[in-house]
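J.: Got a structure for you, questions after.
The values are calculated or read from the model by the stated rules, or taken from the named source; none is laboratory data. Please read all numbers here as calculations on a predicted model, not as lab measurements. Quick reminder, even Gly has a Cβ in these numbers, built from the backbone with ideal geometry, and neighbours come from all protein chains shown.
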Amino acid sequence: MAVWVGVLSTGCSMGLGASLEGNAGFVRATVSDPVGAERDETVVTAGVSLNFEFDFVRDASFGMGYGYQTLRSLEADGAAVEAVPFGVWYGGSIENRGWRLRPRASFGFSMDRGETDQYMDVNMLVGASYHYKRGRALHFMVGPQAVFARDYGLGGDTDYRGWGGQLRIRLFRMMLTDCDPKDREHAAKMAKSDNPC
């Protein structure tokens, strides 16, 4: 932890980069239809997003971006919510193990209040990041998600709310790869340098 805090204080571009993320999951949702009746349904969620991301010496990351997200019922034909949510997340290494492959945990939130549909989800995920090349990483995470969605139909609103599971896979590329340390010794030197990148 002290290493990446030191790197931040030196002004290294903080691992700024871009990432492309895909997600897929399921939710056991309570559905409230326009007449007020409620029923339980299984719905699937899926989406893709483009993000800006800060990676701090492979120990922590923070990102934000926009994407396309959909929720579809497996039991009601044609029932769907489509949204373009803004999402944020924070992730960090679970333990100071490994350099190329690192166990991680993350917390994320996304929301869109559109004119035709509304979507919001919260997720808490665990997994790992695989740093296959300097300045590049593949993150794969899985865990629970909570979802609230609303379909503003012509006949009234239909609400979906419930819990389920989610898988997220994110491909990250740093803009300045020199800001990604080669190893732990290099990270320590970057923390002490006035011009680490």
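J.: Output the residues belonging to the range 149-177 that are assigned to a strand (DSSP E or B), in contact with a Lys or Arg (Cβ under 6 Å, 6 or more places away or on another chain) and modelled with pLDDT under 95.
T.: Selection gives ASP157, ASP159, ARG173.
J.: Report the residue count in the range 80-104 for those that are over 11 Å from the mean Cα position of the chain (by Cα) and assigned to a strand (DSSP E or B).
T.: Kept after step one, since they are over 11 Å from the mean Cα position of the chain (by Cα), are these residues of the range 80-104: 80-85, 92-104.
Then drop every residue that is not assigned to a strand (DSSP E or B), which leaves 80-83, 92-93, 101-104.
The number of residues fulfilling the criteria is 10.
J.: Being over 11 Å from SER19 (Cα atoms), surrounded by fewer than 19 Cβ atoms within 10 Å (Cβ to Cβ), at pLDDT 90 or above and hydrophobic (A, V, I, L, M, F, W, C) is the filter here; which residues of the range 31-61 pass it?
T.: Hits for the range 31-61 are VAL44, ALA46.
J.: So ARG150 clears everything in (1) more than 22 Å from GLY17 (Cα to Cα); (2) under 14 Å from the mean Cα position of the chain (by Cα); (3) touching a residue at least 60 places away in the same chain (Cβ under 8 Å) except one condition, right? Which one?
T.: Condition (2) is where ARG150 drops out.
J.: Let me ask you something else. ASP77 passes all but one of (1) in contact (Cβ under 8 Å) with a residue 12 or more places away in the chain; (2) outside any strand (DSSP E or B); (3) not small (Gly, Ala, Ser); which number fails?
T.: With (1) in contact (Cβ under 8 Å) with a residue 12 or more places away in the chain; (2) outside any strand (DSSP E or B); (3) not small (Gly, Ala, Ser) applied to ASP77, the lone miss is (1).
J.: Determine which single condition GLY114 fails, assuming it passes every other condition in (1) at pLDDT below 90; (2) in contact with a Lys or Arg (Cβ under 9 Å, 6 or more places away or on another chain).
T.: Of (1) at pLDDT below 90; (2) in contact with a Lys or Arg (Cβ under 9 Å, 6 or more places away or on another chain), only one is false for GLY114: (2).
J.: When you go through (1) at pLDDT 90 or above; (2) of a type in the set (Phe, Trp, Tyr); (3) touching a helix residue (DSSP H, G or I) at 6+ places or on another chain (Cβ under 8 Å) one by one for PHE107, which number turns out not to apply?
T.: Unmet condition: (3).
J.: Does at least one position in the range 4-20 carry a residue that is surrounded by 23 or more Cβ atoms within 10 Å (Cβ to Cβ), at pLDDT 95 or above and outside any loop (DSSP other than H, G, I, E, B)?
T.: No, the range 4-20 has no match at all.
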